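A.B. asks: First, the structure itself, so that you have it in front of you.
The values are calculated or read from the model by the stated rules, or taken from the named source; none is laboratory data. What you are looking at is a predicted structure, and each value in this text was computed from that prediction instead of being measured. Cβ atoms come from the backbone with ideal geometry, glycine included; neighbour counts cover every protein chain shown. The area values use the complete protein model at the heavy-atom level, side chains included, leaving out ligands, DNA and RNA. Shrake-Rupley method; radii C 1.70, N 1.55, O 1.52, S 1.80 Å.
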Amino acid sequence: MPIQTKAYAAKSPTTPLEPFSFERRDPGDHDVAIEILYCGICHSDIHQARDEWGGAKYPMVPGHEIVGRVTRVGRAVRKFKAGDTVGVGCFVDSCRECPSCKKGNEQYCTGHVSFTYNGTEKDQKTLTQGGYSTAITVDENYVLNIPKGIPLEQAAPLLCAGITTYSPLRKWGVNKDHKVAVVGLGGLGHMAVKLAAALGAEVTVLSTSMAKEGDAKRLGAAYFASTKNEKTFETLSEHFDFIIDTVSAPHDLNSYLNLLKIDGTMILVGVPSEPAAVHAFSLIPKRRSLAGSLIGGIRETQEMLNFCAEKGIASDVEVISPQKINEAYERVLRGDVKYRFVIDLSTL
Ligand code: NAP
Ligand code: ZN
Ligand code: ZN
């Protein structure tokens, strides 16, 4: 029997999200049926609900920072059982055969990836729907175990904001010998600060909001600088080994690139809707690199969750009822979020 599911969906790019009902598939042999407890609001949800990246599919139930409880499992499922606390991130399936999938980098699958919402299932036809909903059915290989000790509402944002910042920090080997700048102190930014500090790096937050200085330091940053102050770009010139750019809106990359040392790397994780112009001289004279990084694979996501549990790291959240989703979107756009909205689905 399909699972009757309540949700909030966007029906068009210009209308607010509204209550919506649909059916989730009954768990097949390899599936885990999950009752969703919490789902984070990622800025990517807003970009996609409003079709800022193109190709949006409606009705769209956003949400890819999902934490819930297993209600039922298919008969071939080995990793989970009813009652387990689990997570689902940004994708719910991939081809499983390409070199990326085989390496555990499912996010870079060269076949078909089923993104958790605004994508399609394995059949490449059925729309996927995300976590602003009461239930989800997912193949066990794409489900994460939430380690004990992390409060569930604070664990939800780790499934996207956590892994998206952890993955590049690990890929580029960030450690105690490095000075790291985090640009933008929002959902991703606040996790980047916590994780880079936990890896031993000296972290500086570069923010447009002077009022976030106290929080930046509480979260683990050694330094804070306002990007509204032109002097910041002189004082910190050629200062950093790495810059993690989490900014969601258009901004000048060149002024940030100039803050990198020789051989420094700036990693883009934020996705503004407009392309940016990069001057070759921002890179060439100091042999700098400009890179990007997309979420993380299943294995690495589990590693990140275990790392967070071990280090006592979780997200700073404001829990809201589903009725407040549209208001929360407006507040995210105003930068009024500390530092992730998480929807309590038990009230839907
Ligand atoms: P968020 O909570 O809204 O944080 C973005 C931060 O960027 C804001 O808090 C603000 O920080 C800064 N900012 C906003 N507008 C700015 C502007 N005009 N100029 C300079 N700074 C500005 O968003 P999020 O959920 O962290 O997501 C950030 C971006 O990452 C989004 O574009 C999202 O789609 C993308 N994303 C990418 C991946 C990936 O795999 N690469 C995964 C998830 C999300 P201050 O107030 O400190 O300046
Ligand atoms: Zn996200
Ligand atoms: Zn693949």
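A.B. asks: Full-extension gain between ALA82 and LYS122, please, as 0.36 nm times their residue separation minus the C-alpha to C-alpha distance. The partial results should precede the final answer.
C.D. replies: On the way: separation 40, 0.36 × 40 = 14.40 nm, distance 2.47 nm.
That pair, ALA82 and LYS122, stretches by 11.9 nm at full extension.
A.B. asks: What is region 50-121 by shape, rounded, prolate or oblate, if you read a ≥ b ≥ c off the alpha carbon gyration tensor as root eigenvalues and call it rounded for a/c under 1.5, prolate for a/b larger than b/c, and oblate otherwise?
C.D. replies: Values: a/c = 2.41, a/b = 1.25, b/c = 1.92.
Verdict is oblate for region 50-121.
A.B. asks: Over all distinct Cα pairs, what is the inverse of the mean 1/r for region 120-215, reported as the Kirkwood hydrodynamic radius in Å? Can you show the working numbers first?
C.D. replies: Numbers: mean 1/r = 0.0633 Å⁻¹.
With all distinct Cα pairs of region 120-215 included, I get 15.8 Å.
A.B. asks: In a Gaussian network model over the chain where Cα atoms closer than 10 Å are linked, find which of PHE233, PHE22, PHE91 has the largest mean-square fluctuation.
C.D. replies: In the Gaussian network model the winner is PHE22.
A.B. asks: Modelling each spin label as a point 7 Å along the Cα-to-Cβ direction, I'd like the TRP53/ARG96 distance in nm, to one decimal.
C.D. replies: In this crude spin-label approximation the distance works out to 2.5 nm.
A.B. asks: Which log10 I(q)/I(0) values does region 162-258 give at q = 0.10, 0.13, 0.22 Å⁻¹ under the Debye formula, counting every alpha carbon as one identical point scatterer?
C.D. replies: -0.22, -0.37, -1.15
A.B. asks: Need one word for region 1-62: rounded, prolate or oblate. Basis is the Cα gyration tensor (sqrt eigenvalues a ≥ b ≥ c); a/c below 1.5 gives rounded, then a/b vs b/c decides. Intermediate values should be presented prior to the final figure.
C.D. replies: Details: a/c = 2.11, a/b = 1.95, b/c = 1.08.
Prolate, because a/c is 1.5 or more and a/b exceeds b/c.
A.B. asks: OK, next. Quick check: at a probe of 1.4 Å, how many percent of the accessible area of region 1-129 sits on carbon and sulfur atoms? Walk me through the numbers before you get to the answer.
C.D. replies: On the way: 3090 of 5950 Å².
The value for region 1-129 is 52 percent carbon and sulfur by accessible area.
A.B. asks: How many Å² of accessible area per residue for region 31-114, probe 1.4 Å? Walk me through the numbers on the way to the answer.
C.D. replies: Details: 3330 Å² over 84 residues.
On a per-residue basis, region 31-114 sits at 40 Å².
A.B. asks: Can you run phi through the Karplus equation (6.51, -1.76, 1.60; θ = phi - 60°) for region 201-211 and list ³J(HN,Hα) in whole Hz, with x for Gly and Pro?
C.D. replies: Using θ = phi - 60°, the values come out as 6, 8, 9, 10, 8, 10, 9, 7, 10, 4, 5 Hz.
A.B. asks: Can you tell me which of THR85, THR126, THR246 moves the most in a GNM of the chain? Springs connect C-alpha atoms under 10 Å apart.
C.D. replies: Answer for the Gaussian network model of the chain: THR126.
A.B. asks: Just CYS95, CYS42, CYS308 to compare: in a GNM of the chain, with alpha carbon springs under 10 Å, which one fluctuates most?
C.D. replies: Its mean-square fluctuation being the largest, the pick is CYS95.
A.B. asks: Hey, what do the phi angles of region 332-348 turn into as Karplus ³J(HN,Hα) couplings, whole Hz, using 6.51/-1.76/1.60 and θ = phi - 60°, x for Gly and Pro?
C.D. replies: 4, 5, 8, x, 9, 8, 10, 10, 8, 7, 10, 8, 8, 6, 5, 8, 7
A.B. asks: Residues with amide H under 5 Å of ARG72's amide H, sequence separation 5 or more or different chain, H placed in the peptide plane at 1.01 Å from N; which?
C.D. replies: ALA33
A.B. asks: Give the carbon-plus-sulfur fraction of the accessible surface of region 225-348 in %, rounded to a whole number; probe 1.4 Å, heavy atoms of protein chains only. Working shown, then result.
C.D. replies: Working: 3100 of 6000 Å².
Ligands and nucleic acids excluded, carbon and sulfur reach 52 percent.
A.B. asks: In vacuo Debye scattering of the chain, one point per C-alpha: log10 I(q)/I(0) at q = 0.10 Å⁻¹?
C.D. replies: -0.58
A.B. asks: Could you go through region 230-247 in sequence order and give the Karplus-derived ³J(HN,Hα) for each residue, using 6.51 cos²θ - 1.76 cosθ + 1.60 with θ = phi - 60°, rounded to whole Hz, and x for Gly and Pro?
C.D. replies: For region 230-247, the Karplus-derived couplings read 4, 4, 3, 6, 8, 4, 9, 4, 6, 9, 9, 7, 9, 10, 9, 9, 9, 6 Hz, x marking Gly and Pro.
A.B. asks: Relative contact order (percent) for region 175-325, with alpha-carbon contacts under 8 angstrom and 6 or more residues of separation?
C.D. replies: Numbers: 253 pairs, mean separation 28.3, N = 151.
With pairs under 8 Å counted, the relative contact order is 19 percent.
A.B. asks: Any idea what the relative contact order of the chain is, in percent, if you count C-alpha pairs under 8 Å spaced at least 6 apart? Present the calculation step by step, with values, prior to reporting the outcome.
C.D. replies: On the way: 834 pairs, mean separation 62.1, N = 348.
Dividing the mean separation by the residue count of the chain yields 18 percent.
A.B. asks: Using only the Cα atoms of region 278-335, what semi-axes does the equivalent ellipsoid have when each is the square root of 5 times a gyration tensor eigenvalue? Give whole Å, largest first. Before the final figure, lay out each step's value.
C.D. replies: On the way: eigenvalues 220, 111, 24 Å².
After diagonalising the Cα gyration tensor, the semi-axes are 33, 24, 11 Å.
A.B. asks: Determine the shape class of region 45-168: with a ≥ b ≥ c the square roots of the Cα gyration tensor eigenvalues, call it rounded for a/c under 1.5, and otherwise prolate if a/b is greater than b/c, oblate otherwise. Before the final figure, lay out the partial values.
C.D. replies: Working: a/c = 1.37, a/b = 1.20, b/c = 1.14.
It is rounded, given that a/c, with a ≥ b ≥ c, falls under 1.5.
A.B. asks: Further, regarding this structure: How large is the Rg to Rh ratio of region 237-348 when both quantities use alpha carbon positions and Rh follows Kirkwood?
C.D. replies: Working: Rg = 18.0 Å, Rh = 16.9 Å.
Using Cα coordinates only, the ratio equals 1.07.
A.B. asks: Sticking with this structure for a sec: My understanding is that a pair violates if its Cα-Cα distance is over 23 Å; which of LYS57/LYS125; LYS103/LYS176; LYS103/LYS286 do that in this structure?
C.D. replies: Working: LYS57/LYS125 11 Å; LYS103/LYS176 28 Å; LYS103/LYS286 33 Å.
Beyond 23 Å: LYS103/LYS176; LYS103/LYS286.
A.B. asks: For an R0 of 30 angstrom, estimate the FRET efficiency from the Cβ-Cβ distance between GLU234 and ALA291 and round to the nearest 0.05.
C.D. replies: E(calc), rounded to 0.05, equals 0.75.
A.B. asks: Dividing the Cα convex hull volume of region 180-314 by residue count, how many Å³ per residue is that? Write down the numbers at each step before the final one.
C.D. replies: Values: hull volume 15.0 nm³, N = 135.
Convex hull volume per residue, Cα atoms: 111 Å³.
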